[in-house]
């Protein structure tokens, strides 16, 4: 059996009991490396599981699937992925390969940012399509996310924006010389994300986003204890795009970060809920009332 | 501390290790009853946790939150909900009440249908807003879902349709006499859901859905072992709306059911992946090719 096991969002204890049982029954356990740098390291997992964990980078999962699948028709093999196995990235290819080799596959689900984003208090029903935002370079500024956000905004829907990370990057020199030396991982910060969004708004000028009247919610380390140690805790910060762009990057906590662009289907209770996280409560309420049309008169006493 | 703990999708072992620790540390454990009828019963949870579980129906969670919160400033109390605490239904109200009483809250996330729907192989990025479909009566056929599906279809996006369940319903007679006797729970089947969708299509006639050319994927018991006992296993069945409406209800497995209406942003690999679940592979491929524009020439050998 090939088990594809979601690890959830924060640390080694976010695996499910079922997932842990599968790991313990497995003769080999792979960890998709793309993820391992982020939240839990290999050693911590090994100590928690009491067995060796083999790091498999994204390339290996995609191109050397045979190695992972070897013998999985006779014994259990686990592939661990952060979040849910069918979260932001699907693992269709390895499942198809397993199928064609007659290897049974069992997926063990877990939370991913695609549903845990609900932690900001916005109804998941009112989210449109999610988008990814990649690091711009001087010559490469892909802006298809702008069309997707415009489509969502046009329907009054919220947009989950997943921010780029760069791992296993090589410098041009190392790449040219074929040296497998990698740069430190980079994570897009909230101010940088907002700056890129507004840069494309200036270029396209279709009035999708506005610094002063578009509300957004920044999330980091969703699912981690929000009263935990400073470098691991969950943080939620909300305000106008301009306000978020003016905060120091560290006020948003440690990566990974996500950003929600709020659409017009904002409910007054959601405004109340997120107010606790506002850069400035007064601005948050004012824009929710004047721009988003929320009726907030009885907001002081949330009688539900 | 109030813990709001997602139980995940299938049975008692889908709780996370962190969630289980919170349950064990709690002096009182509530189970939102709305959910308990579906997948795991109270006794099974009690035996797994080694402690009493108090059933709290949805009314209690919403209107008698004080009872749940009592003492949670000094000791741990857990509220268990199926799926993720911020899945299809948010638990904003009880969090707001806890906050106003100075009770810290910790949410422990888990999989919900909102992300685990990825099990059908469709990229979550290409889903638009999710909709709910309620049981029609002779006089009440709410059709706002049709507008939402039209919006998604217009953008080429998939739609997750959550099917109604009726629990704790009273017959008119029992209601009139004030007798708290409840009817057996009812779950909407896939054929009934498709029939309701097509009924509104006939009435509105906006060419959003078509029996022969709209593809859909039916899912039941997502996250449960798909090789498990017949009454608990996950099933995925796909085809045109007409094909799904013609299958016997039992071919879709046990409730809960969900349905995905497929939009035009269908990728050929997704077609290959889901083909295994097709009512008729030939029709599935033909409609994907002719209506959805998927290039399927090299589908026989999935070289990724």
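Quick look at the numbers
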quantity: Residues satisfying the stated conditions in segment B:48-59, i.e. more than 22 Å from the chain's Cα centre (by Cα) and surrounded by 12 or more Cβ atoms within 10 Å (Cβ to Cβ); calculated: B:48, B:49, B:51, B:53, B:54
quantity: Candidates A:83, A:118 - the one that is outside the structural domain of residue A:9 (by TED's automatic domain parsing) and either within 22 Å of the chain's Cα centre (by Cα) or at pLDDT below 95 (or both); calculated: A:118
quantity: Residue B:61, sole failed condition from (1) touching a helix residue (DSSP H, G or I) at 6+ places or on another chain (Cβ under 7 Å); (2) away from chain A (no Cβ under 14 Å); calculated: (2)
quantity: Residue list for segment B:80-100, restricted to those being closer than 26 Å to residue A:82 by Cβ and either within 7 Å of another protein chain (Cβ to nearest Cβ) or part of a helix (DSSP H, G or I) (or both); calculated: B:84, B:86, B:87, B:88, B:90, B:95
quantity: Residues of segment A:82-97 satisfying the condition of being touching a residue at least 40 places away in the same chain (Cβ under 8 Å) and in contact with a helix residue (DSSP H, G or I) (Cβ under 6 Å, 6 or more places away or on another chain); calculated: A:82, A:84, A:87, A:94
quantity: Test: residue in segment A:140-153 that is assigned to a helix (DSSP H, G or I), at the interface with another protein chain (Cβ under 7 Å from one of its Cβ atoms) and more than 14 Å from the chain's Cα centre (by Cα); calculated: yes
quantity: Selected residue [farther than 30 Å from residue B:83 by Cβ and modelled with pLDDT under 90] from A:52, A:66, A:46; calculated: A:66
quantity: Residue within segment B:172-187 that is touching a helix residue (DSSP H, G or I) at 6+ places or on another chain (Cβ under 6 Å) and under 30 Å from residue A:8 (Cβ atoms) present; calculated: no
quantity: Unique match (being surrounded by 14 or more Cβ atoms within 10 Å (Cβ to Cβ), at pLDDT below 95, assigned by TED's automatic domain parsing to the domain that holds residue A:141 and on the phi > 0 side of the Ramachandran plot) among A:233, A:221; calculated: A:221
quantity: Whichever residue in segment A:101-135 is facing chain B (nearest Cβ under 7 Å) and more than 21 Å from residue B:222 (Cβ to Cβ) and, among such residues, is surrounded by the most Cβ atoms within 10 Å (Cβ to Cβ); calculated: A:128
quantity: Residue check, residue B:76 more than 7 Å from chain A (Cβ to nearest Cβ), in contact with a helix residue (DSSP H, G or I) (Cβ under 6 Å, 6 or more places away or on another chain) and at pLDDT below 95; calculated: no
quantity: Search result, residues across segment A:195-224 that are away from chain B (no Cβ under 14 Å) and within 16 Å of the chain's Cα centre (by Cα); calculated: A:216, A:218, A:220
quantity: Residue in segment A:154-193 that is surrounded by the most Cβ atoms within 10 Å (Cβ to Cβ), counting only those that are more than 15 Å from the chain's Cα centre (by Cα) and closer than 15 Å to residue A:258 by Cβ; calculated: A:158
quantity: Search result, residues across segment A:6-35 that are assigned to a loop (DSSP other than H, G, I, E, B), at the interface with chain B (Cβ under 10 Å from one of its Cβ atoms) and over 16 Å from the mean Cα position of the chain (by Cα); calculated: A:15
quantity: Boolean, residue B:141 is farther than 22 Å from residue B:238 by Cα and modelled with pLDDT of 95 or more; calculated: yes
quantity: Matching residues in segment B:187-224 - criterion: being in a loop (DSSP other than H, G, I, E, B), without any contact (Cβ under 8 Å) to a residue 12 or more places away in the chain and more than 19 Å from residue B:158 (Cα to Cα); calculated: B:205
quantity: Hits in segment B:121-134 - residues which are under 15 Å from the mean Cα position of the chain (by Cα) and either more than 22 Å from residue A:160 (Cα to Cα) or part of a loop (DSSP other than H, G, I, E, B) (or both); calculated: B:129, B:130, B:133, B:134
quantity: From the options A:244, A:203, residue that is at pLDDT 95 or above, closer than 23 Å to residue A:288 by Cβ and assigned by TED's automatic domain parsing to the domain that holds residue A:148; calculated: A:244
quantity: Boolean, residue B:232 is over 13 Å from residue B:262 (Cα atoms), part of a loop (DSSP other than H, G, I, E, B) and within 14 Å of chain A (Cβ to nearest Cβ); calculated: yes
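The values are calculated or read from the model by the stated rules, or taken from the named source; none is laboratory data. Computed from a predicted structure; not experimentally measured. Cβ coordinates were reconstructed from backbone atoms using ideal geometry, including for glycine residues, and neighbour counts include every protein chain displayed.
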